[in-house]
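Have a look at the structure below, then the notes.
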Amino acid sequence: MPDRLEEVAAAAGRETEVERAEVWAAVPGRPAWPLHWAEGIGSNPAAPDELLIRLLDVDVGFLYGCDRPAVLDAAVAHPDPRVRSRPADTFRPKLTSDQWVRVVRAEPSPSRRVLWAEHACAWGVQLPGDLYDDLLAGPSRAQAVELPELPVHHLPSLAADADPRVRATACARWEDLAAPLRARLLADTDDAVRTAALLAHHNGVPMPRGVFAALPAPRRALEQCRLSPELEAELVRDGDAEVRRALAANPRLSAHGVAVLAEDPYDGIRSAVALRPDLNEEQRAAVRYDFDPTSMSMSHTVPWVEGLHGDADAMRRLAVSSHPLIRRSVARARHLPPDVVERLARDEDRTVRLFLAESCDDAPAEMLLEVWRWWDGSFSHPDRPRSHPNFPRTGLLRYAGDPGGRMRRLALDDPESTPADVARLARDPEAEVRRRAAEDPRLSPADAVRLLNDPEAHVRGTVIRNRRLPARVLAGLLHDRDTACVAVTNPAIPVPVLHRILAAAAAAAAVAARR
């Protein structure tokens, strides 16, 4: 059977230019699965911008990963609001600041306009002043007040707004409010507004026991307010562990209060204390904190460490922290001083090395190669470490005979590798190695056809995208229900054929919409 497959593959790989032209002239013919083409054609790297702009009227799923400026421009100017908002509603939006502003302005739903404005701000977009004016004048004013970069000149009117929700939200900008406005909010007739004002006021002024006792819900005061010495001394020894847990993260807790909680009998409370920014590293090392290196919560970036990423001296100090999560957070910096990189690249915690490989552009080649031995990319950093700019590109051919399949995969990245190496690895016993060969542009047409019968679906799916597939084989895949969506992404399909395929898909979509 293998010999027969080899013969069939070899025969299929022998295709002349005339035969190819005849095949493509007949496509799409009678389209079997045009809606499948609509789903996949936007992922074809050979599809020109003009085709993708036409596709916006048929299917917008491809916008999830689209980074083409002209196509995104057309999307945010599209008459359908669902199309306009799609580029913003993705994991990593590729929109420019101008495009973000256009998305916000064009959104017909007031609440979603504020939502897109929030997203834009989160991605570092500076919204123009007149857009804030429009958002605050709309029916979602109470939500717009929460925008983080809201200009200060709006605050007086917001603090005196008829809607108590707006007045309460304005209290979050306490330091920007004039004294008369603060006094008015502290005496507000609405309980929620007065509470918000009290909490903001006591961020700077110690809160006495009487005020604390009168609060309807004390949690926020425990987490953020400056407490009177008597009240704090009482609360850090409170019998309720949840009270002490909330206090452990309070940035305004006194040094004495921190010291008491550092000796708390509960691991979770001591662990929260161990991550406080006001501890020096000697104090941090003295805290008996609980740390599970496999826990997902131990892989988030500590916000205050992230805020110091641009401070070289702080990075040097924190890179030697006894706490792995602090060092992991340092490793997430895009750039670090050479001595810090060198230290973290030798860190005993391999997650530190992984984060350095994923996030830091200064990570060294040797460490990246070491991480590659056990890590193949995450959802948030799918191509690292192999796509890292410092990942080794030469000398990889020596791994062609390595016992580990992961290392054999690298051999074809070496510029000294040949089509013969591709052919050999296309027959490798490990599926991931065959998959790497299946994506190689030097794969022979015969091997491409042969890999269509690979036992592993991900190998077959990869080779379907390889432009070395013979045209008649690819055309057959285009008309197969199981492969049509992937086959239409093959860049070997001529652009005029892609336009005909899209026309067929658009006609089928129109029929489906009328049903």
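Taking just the C-alpha trace of the range 324-410, give me its Rg and Dmax in Å.
Calculated on Cα positions, Rg and Dmax stand at 12.8, 39 Å.
Put Glu439, Glu263, Glu358, Glu281 in order of accessible area, largest first, 1.4 Å probe: what do you get?
Reading off the accessible areas and sorting them downward yields Glu263, Glu439, Glu281, Glu358.
With a 1.4 Å probe and all protein chains in place, put Thr294, Thr418 in order of accessible area, largest first.
Ranked list, largest accessible area first: Thr294, Thr418.
Rounding to the nearest 20 debye, state how big the charge dipole of the range 338-403 is about its Cα centre with +1 on each Lys and Arg Cβ and -1 on each Asp and Glu Cβ.
For the range 338-403, the charge dipole is close to 260 debye.
Viscosity 1.306 mPa s, temperature 10 °C: Stokes-Einstein D of the range 385-509 from its Kirkwood Cα radius, in µm² per second?
102 µm²/s
Excluding the sites themselves, what is the longest stretch of the chain that contains no chymotrypsin sites (Phe, Trp or Tyr not before Pro) in a DSSP loop with at most 16 other C-beta atoms within 10 Å?
Looking at the chain, 124-265 is the longest stretch - no exposed chymotrypsin sites (Phe, Trp or Tyr not before Pro) with at most 16 other Cβ atoms within 10 Å.
Collect residues whose amide H, placed 1.01 Å from N in the peptide plane, falls under 5 Å from the amide H of Leu227; neighbours closer than 5 in sequence don't count.
Under 5 Å from the amide H of Leu227 lie the amide H atoms of Met207, each far enough along the sequence or on another chain.
Can you give the FRET efficiency to the nearest 0.05 for His256 and Glu456, using r as the Cβ-Cβ distance and R₀ = 45 Å?
0.15
Hey, if we sort His388, His119, His335 by accessible area with the 1.4 Å probe, largest down, what's the order?
Largest accessible area first, the residues go His335, His119, His388.
Please work out how much length the chain gains when fully extended from Asn280 to Arg398, using 0.36 nm per residue of separation minus the C-alpha to C-alpha distance, in nm with one decimal.
37.8 nm
Distance in nm between label sites at Ala26 and Asp163, each 7 Å beyond Cα in the beta-carbon direction?
Rounded to a tenth, the inter-label distance reads 6.4 nm.
I'd like the distance between the alpha-carbon centres of the range 427-482 and the range 335-391, rounded to an integer number of Å.
Cα centres, the range 427-482 to the range 335-391: 31 Å.
Dividing the alpha-carbon Rg of the range 159-256 by 2.2 N^0.38 Å yields what?
Rg over 2.2 N^0.38 Å, computed on Cα atoms: 1.11.
Quick check on the chain: helices-only [θ] at 222 nm, where DSSP H runs of length 4 and up contribute -39,500 (n - 2.57) each and the sum goes over total residues. Nearest 500, please.
Calculated mean residue ellipticity at 222 nm is -14000 deg cm²/dmol.
In debye, nearest 20: dipole of the chain around its Cα centre with unit charges on the Cβ of K, R (+) and D, E (-)?
800 debye
Out of every Cα pair in the range 438-481, what percent are spaced more than 13 Å from each other?
When all Cα pairs of the range 438-481 are counted, 47 percent exceed 13 Å.
Calculate, for Glu17 and Arg317, the FRET efficiency according to 1/(1 + (r/R0)^6) with r their C-beta to C-beta distance and R0 51 Å; round to the nearest 0.05.
Approximately 0.20, to the nearest 0.05.
May I ask for the Kirkwood hydrodynamic radius of the range 213-313, worked out over all distinct Cα pairs and given in angstroms to one decimal?
Computed over the range 213-313, the radius equals 14.5 Å.
Using only C-alpha positions, report the orientation-averaged shadow area of the convex hull of the range 385-432, nm², one decimal.
Here the figure is 3.4 nm², rounded to one decimal.
From the P(r) of the range 35-75, could you give the percentage of C-alpha pairs in the tail past 15 Å?
In whole percent, the share of Cα-Cα pairs in the range 35-75 beyond 15 Å is 25.
Of the heavy-atom accessible surface of the chain (probe 1.4 angstrom), what whole percent is carbon and sulfur?
54 percent
Taking the Cα atoms of the chain alone, what are Rg (to one decimal) and Dmax (as a whole number) in Å?
Both quantities, over Cα of the chain: 30.0, 91 Å.
At 0.36 nm per residue, minus the direct Cα-Cα distance, what do Ala213 and Arg92 gain on full extension? Give it in nm, one decimal, please.
This chain segment gains 39.1 nm when fully extended.
Along the Cα→Cβ direction, 7 angstrom out, place labels at Ala431 and Ala178. What is the inter-label distance in nm?
So the two model labels end up 7.0 nm from each other.
So for the pair Arg105, Asp130, with labels modelled 7 Å out along Cα→Cβ, what separation do we get in nm?
Calculated label separation equals 0.7 nm.
Suppose R0 equals 22 Å. What FRET efficiency, 1/(1 + (r/R0)^6) with r the Cβ-Cβ distance, do Arg220 and Asp240 give to the nearest 0.05?
The formula returns an efficiency of 0.90 here.
The values are calculated or read from the model by the stated rules, or taken from the named source; none is laboratory data. None of these values were measured; they are calculated from a predicted model. With ideal geometry, Cβ positions are generated from the backbone for all residues, glycine too; neighbour counts draw on all protein chains shown. Quick note on the areas: whole protein, heavy atoms, side chains included, nothing else; ligands and nucleic acids left out. Shrake-Rupley method; radii C 1.70, N 1.55, O 1.52, S 1.80 Å.
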